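Visitor: A single structure is presented below for examination.
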Ligand SMILES: *Cc1c(COP(=O)(O)O)cnc(C)c1O
């Protein structure tokens with residue numbers, strides 16, 4: 001293209017107004033906001049201009065520009081937070097949104113969101129009420145605690161409790177419990193942000209009661225115990241039980257706090273999982289304060305729950321940080337409905353998705369695997385090797401570290417595509433399907449696949465493999 005050709009081409013580009021007029025007459029732009037169409041027109045013209053200047057052959061006519069604008073606009077208005085299918089078998093997958101809410105919680109969210117509520121009104125007196133009161137009685141009933149308060153998440157709960165109880169004082173923690181949880185939550189960092197002075201005791205693998213004892217100074221404000229959550233030290237180890245720490249605290253007049261992390265309200269050992277101390281166990285051991293998450297093993301909305309002695313919780317309620325960490329009404333609505341189910345454990349297991357998936361019997365997993373296998377086999381048997389593999393699922397969310405839950409997976413070995421390419425294509429599909437690769441096979445774990453998703457998985461697989469085959 002000569003310079004004058006380029007000049008001619010640039011001059012002939014349609015104007016923005018003209019493109020906007022055209023888009024008004026085009027049905028496919030009907031639901032797209034004007035501001036987005038305008039932005040797309042600008043971008044489309046910009047791309048063409050660059051192409052012309054770079055001597056790249058570019059068709060310049062209204063129809064192709066309009067088509068390009070439509071593609072750009074669609075991309076702009078595409079929802080960014082979307083559903084994905086979790087075929088990883090990791091029940092509490094932090095990257096995939098942790099706990100799924102139960103139906104009761106969803107109904108209650110809608111009920112409370114669509115109408116005014118008594119969130120902060122005492123209906124009996126007409127005076128101002130306290131928002132946590134919707135759930136604090138229920139939490140006390142289920143945990144045996146004297147008092148409770150709910151905040152935004154457990155990281156917030158730990159920060160708030162430390163700041164309230166132990167600001168400017170030394171907090172004694174075992175070296176083996178100075179954990180990092182998922183990216184940005186590190187006990188030493190939270191400690192310093194809450195204004196406390198960390199006093200590490202013991203060693204990575206062994207800490208004894210006398211380590212806590214000798215660490216006590218005039219400025220000791222708290223003994224903190226942290227659930228190691230996402231890792232396990234094995235071998236030559238020793239740690240101090242909460243009970244022993246509590247009696248040391250009583251003798252020395254130092255309060256004791258436990259960050260349980262996941263925190264469960266039911267004894268999972270009844271369902272074949274390893275014993276995990278329940279929140280009630282920690283309360284019974286005499287801890288002044290116990291904190292745990294609402295969206296880990298509890299299976300509710302994202303919250304941090306603080307339970308403990310009434311005086312301490314009252315102090316926390318008065319801390320100005322509490323306001324900054326408060327939960328919204330939708331969360332409270334979901335939490336109330338989820339907690340209510342725990343009054344009947346059998347109902348909780350059946351209706352709370354996290355509990356249901358974690359306690360699925362191997363027989364039921366096999367049934368789900370069978371259905372998935374048959375559905376996939378019907379669609380793509382000629383394009384891949386499909387088989388079963390008995391593997392392990394992970395609970396996730398820092399709960400039950402190192403626990404392997406026996407599961408039966410469906411494995412896919414495509415004939416004309418690499419396993420890693422299949423994994424990528426499944427992830428980029430709509431809805432995105434997240435599987436995993438093990439032993440050079442694409443693995444689908446039925447534990448976290450919800451009823452009805454088998455057909456979507458199968459048709460997505462078929463689309464990807466058939467397209468690749470052509
Ligand atoms: C997960 C976890 C936290 C953080 O809880 P969030 O609810 O994610 O804020 C804190 N402490 C422990 C021990 C945990 O396992």
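The values are calculated or read from the model by the stated rules, or taken from the named source; none is laboratory data. As the structure is a computational prediction, the values presented were derived from the model and not from experiment. As a convention, Cβ positions derive from the backbone with ideal geometry for all residues, glycine included, and neighbour counts pool all protein chains shown.
Visitor: Would you confirm, using the coordinates I've provided, whether residue 216 is buried (at least 22 other Cβ atoms within 10 Å of the Cβ), on the phi < 0 side of the Ramachandran plot and either over 28 Å from the mean Cα position of the chain (by Cα) or modelled with pLDDT of 95 or more (or both)? Give the derivation first.
Guide: Details: buried (at least 22 other Cβ atoms within 10 Å of the Cβ): no; on the phi < 0 side of the Ramachandran plot: yes; either over 28 Å from the mean Cα position of the chain (by Cα) or modelled with pLDDT of 95 or more (or both): yes.
Judged against the criteria, residue 216 is not a match.
Visitor: List the pairs whose first member sits in region 21-48 and is assigned by TED's automatic domain parsing to the domain that holds residue 64 and in a loop (DSSP other than H, G, I, E, B), whose second member is surrounded by 11 or more Cβ atoms within 10 Å (Cβ to Cβ) and at pLDDT 95 or above, and whose Cβ atoms are under 6 Å apart, counting only residues at least 6 apart or on separate chains?
Guide: 32/73
Visitor: Looking at region 221-233, can you tell me whether even one residue there is over 30 Å from residue 404 (Cα atoms), more than 16 Å from the ligand (Cβ to nearest atom) and either at pLDDT below 90 or in a strand (DSSP E or B) (or both)? Full working, then the answer.
Guide: Pass one, region 221-233, residues over 30 Å from residue 404 (Cα atoms): 221-223.
If we keep only those that are more than 16 Å from the ligand (Cβ to nearest atom) as well, we get 221.
Of the ones still in play, those that are also either at pLDDT below 90 or in a strand (DSSP E or B) (or both) are 221.
Scanning region 221-233, I find at least one residue that is over 30 Å from residue 404 (Cα atoms), more than 16 Å from the ligand (Cβ to nearest atom) and either at pLDDT below 90 or in a strand (DSSP E or B) (or both), so the answer is yes.
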